[in-house]
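To start, the structure itself, in structure tokens.
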Amino acid sequence: MYIDFVNTPESERNKTSNAYQQRSHSQNYYSDNYPPSDFKNSLLILIAATMNADGSVLRSELDMVKSMLIRTYGEEEARMLLLRLRDYLKQSHNLAEVCRNLRNRMGYSPRLELLHVLFRISRADGDISAPEINLLQQIAAQLGISTPDYLSIRAMFVASPDSDFQILEISTSATEEEAKKAYRKMVMRFHPDRLGSLDDAERKAAESKFIKVQQAYENIKKSKGWS
């Protein structure tokens with residue numbers, strides 16, 4: 001079941017689409033075939049694939065994506081991108097090609113953040129299904145994200161007996177010094193104060209990741225009897 005993204009009649013959507021196309025013709029936002037090499041198209045395709053992974057598109061997922069697009073691009077362009085996303089949800093895509101394009105355009109840290117975003121979308125309904133996890137693992141590999149980094153991000157959303165160790169990217173037999181070193185590395189990566197200027201939603205997401213790192217370290221110390 002697909003959701004009406006903009007809650008407006010088809011005739012009004014067409015009017016808005018045509019007007020926006022005239023203003024942004026050079027970007028081909030409303031061409032019949034959106035080029036997969038376009039950065040925004042590639043992002044939308046991965047979002048659509050993630051939303052479709054479990055066979056249904058939920059309002060909670062849409063609300064999260066809509067808020068993200070508005071924060072990033074403003075309301076007018078977000079509206080156009082949501083219309084495009086609606087089309088992508090009805091299509092199949094070559095995810096390997098899309099990920100290759102993104103891998104060529106994005107540094108490693110932004111690709112990690114993209115994977116975080118896709119996990120947050122999957123978790124919007126409170127749970128992440130096995131098909132969603134399988135898809136995100138495939139996307140991570142095709143984006144060139146290392147297995148330890150993928151497992152660390154997954155462990156922030158999917159609990160398992162080894163989640164705390166996976167978040168810090170250490171083995172269950174790690175020494176106290178190894179755990180401390182890994183924790184400091186993660187603090188450097190995720191501390192909100194090190195991420196520059198953030199809006200409220202971005203800061204909240206950064207703080208959530210940082211808190212998970214702190215909790216993982218404290219849980220490991222407690223389980224090992226370290227001070």
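The values are calculated or read from the model by the stated rules, or taken from the named source; none is laboratory data. Small disclaimer: the values here were computed from a predicted structure and weren't measured. In this analysis, Cβ positions are derived from the backbone assuming ideal geometry, glycine residues included, and neighbour counts consider all displayed protein chains.
Of note:
- Checking every residue in the range 106-120 against the condition of being in contact with a Phe, Trp or Tyr (Cβ under 6 Å, 6 or more places away or on another chain), within 16 Å of Asn41 (Cβ to Cβ) and part of a helix (DSSP H, G or I) gives zero matches.
- Any chance Ser92 is farther than 20 Å from Ile153 by Cβ, of a type in the set (Gly, Ala, Ser), outside any loop (DSSP other than H, G, I, E, B) and at pLDDT 90 or above: no
- Qualifying position, being assigned to a helix (DSSP H, G or I), surrounded by 18 or more Cβ atoms within 10 Å (Cβ to Cβ) and among the β-branched types (Val, Ile, Thr), among Ile145, Ile167, Ile128, Ile133: Ile167
- With respect to the stated conditions, Leu168 fails to be out of contact with any His (no Cβ under 7 Å at 6 or more places or on another chain), aliphatic (A, V, I, L, M), at pLDDT 95 or above and in the same structural domain as Ile47 (by TED's automatic domain parsing).
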